[in-house]
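Data first, discussion second: the structure below is written as structure tokens.
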Amino acid sequence: MSTEQYAFDMEDVEYVQHPTGPLLARLYRPKVSKPTAAVIELHGGGWSIFDRTRGVTVHEALARRGVFVMSLDFRQGAEGAYPLMLQDINYAVRWLKANAARYGIDPNRVALSGNSTGGHTAMLAAMRPDDQRYGMLKLPAEMEEFDATVRCVVMLWPVINPIGRYLRAKALVGTEGAPEWAEPTVACHDNFWVSEANMTEASPTQMLGRGEEVTLPPALWIRATGDDVHDYANRETGRPESEEFVARYRAAGGEIELITFEAPMMFTTAYPTMPESIAALDQIVDFVERWTR
């Protein structure tokens, strides 16, 4: 693992235009002398809130180690109801590859990363790079040679099985001592997914359970011990969602690492200077460097 530190430039660019307006990406461009790997970062927020500035600790850590970062805004909530958000993400992968020379990156060394619901959409987009529904947005004809495949995926506490979390949150609403997150979680799922059928169809866990033919890039899953919002018992097997997905991914022939930190929920975002956060960032950078060589 390289420990060399780089300065970097940061800028916001428009990467796609919709009738509702443009979408921006925040680019972190390390000052390196040769084409570098790139990570497209997807923020969390229940598929409904936050923007490209979320998760800056991860973005800056990657950039300082010489990895280009593209942190996305995308349509979300009811405006980005499934599969529209996935269209923006699929397009962003192709757009970045098409603009590789402009930004000094290697188009063959692009990865996806995300936390919480962003971790889910990162894995979903990576598993279905050729899905026609996700690839609806077209690049200019001279750029159409680029596809949406990625070299690897990094997930921080992803909501990997949306239908499982939805049913869990829904069952908690109105009960004595129900957690504060339950009711807004149900609302976010309803606005974005519209139906339980969509939550099931676009669940990477369920996709593997159905034997769907998918792409399986190398993956890293970072989890915290103090996080029952994102990692709870799978309704079918009783195993934690993280362990259930890892087992299915490996059984399908994919390579995935699951690293657990004794830390509170969303620790790299909420407590970026704690030793566990620094260690997690090192693991993420090491993984990206290894799989994008």
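The values are calculated or read from the model by the stated rules, or taken from the named source; none is laboratory data. Bear in mind that the values here come from a model prediction, so they are computed numbers and not experimental data. Every residue, glycine as well, gets a Cβ built from its backbone with ideal geometry; the counts of neighbours run over all protein chains shown.
Taking region 67-85 as the region of interest, how many residues are aliphatic (A, V, I, L, M), surrounded by fewer than 23 Cβ atoms within 10 Å (Cβ to Cβ) and in contact with a helix residue (DSSP H, G or I) (Cβ under 7 Å, 6 or more places away or on another chain)? Let's see the steps before the verdict.
Residues of region 67-85 that are aliphatic (A, V, I, L, M), as a first pass: 67, 69-70, 72, 78, 81, 84-85.
Restricting the remaining residues to those that are surrounded by fewer than 23 Cβ atoms within 10 Å (Cβ to Cβ) gives 78, 81, 84.
Now restrict to residues that are in contact with a helix residue (DSSP H, G or I) (Cβ under 7 Å, 6 or more places away or on another chain): 78, 81.
Summing the residues that are aliphatic (A, V, I, L, M), surrounded by fewer than 23 Cβ atoms within 10 Å (Cβ to Cβ) and in contact with a helix residue (DSSP H, G or I) (Cβ under 7 Å, 6 or more places away or on another chain) in region 67-85 gives 2.
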Item to check | Close pairs from region 170-183: first of a type in the set (V, I, T), partner in a helix (DSSP H, G or I), Cβ under 9 Å, at least 6 apart | outcome: V173/A182; V173/E183; V173/T185; V173/V186; T175/A182
Checklist outcome for this item: The number of residues in region 111-160 that are among the aliphatic types (A, V, I, L, M), in contact (Cβ under 8 Å) with a residue 60 or more places away in the chain and farther than 19 Å from E257 by Cα is 1
Checklist entry - What number of residues within region 55-66 satisfy the criterion of being touching a residue at least 24 places away in the same chain (Cβ under 8 Å), surrounded by fewer than 20 Cβ atoms within 10 Å (Cβ to Cβ) and within 16 Å of the chain's Cα centre (by Cα)? => result 1
Item to check | Pick from region 131-155, criterion closer than 25 Å to T225 by Cβ and in contact with a Phe, Trp or Tyr (Cβ under 8 Å, 6 or more places away or on another chain), ranking: surrounded by the fewest Cβ atoms within 10 Å (Cβ to Cβ) | outcome: C152
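Taking the residues in region 27-54 that are part of a strand (DSSP E or B) and farther than 19 Å from V153 by Cα as candidates, determine which candidate is farthest from the chain's Cα centre (by Cα).
Step one: list which residues in region 27-54 are part of a strand (DSSP E or B), which gives 27-30, 36-42.
Cutting the leftovers down to farther than 19 Å from V153 by Cα gives us 29-30.
On the way: R29: 20, P30: 21 Å.
Filtering first and then ranking leaves P30.
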Next on the checklist: Just the residues that are within 22 Å of D228 (Cα to Cα) and more than 17 Å from the chain's Cα centre (by Cα), please, taken from region 194-214.
Outcome noted: E196, T200, Q206
Item to check | Scan of region 10-42 for residues that are modelled with pLDDT of 95 or more, out of contact with any strand residue (DSSP E or B) (no Cβ under 7 Å at 6 or more places or on another chain) and either of a type in the set (S, T, Y) or crowded, with 21+ Cβ neighbours inside 10 Å (or both), ordered by number | outcome: none
Next on the checklist: Tell me which helices (runs of 4 or more DSSP H) are completely within region 185-254 and hold 3 or more residues being modelled with pLDDT of 95 or more and farther than 21 Å from W47 by Cβ, or say none if there are none.
Outcome noted: 241-251
Checklist entry - Looking at region 227-242, is at least one residue of a type in the set (A, V, I, L, M) and either surrounded by 21 or more Cβ atoms within 10 Å (Cβ to Cβ) or touching a Leu at 6+ places or on another chain (Cβ under 8 Å) (or both)? => result no
Next on the checklist: Of everything in region 257-270, what is buried (at least 21 other Cβ atoms within 10 Å of the Cβ) and either free of Cβ contacts under 8 Å to residues at least 60 places away in the same chain or of a type in the set (D, E) (or both)? Give them in sequence order.
Outcome noted: A263, F267
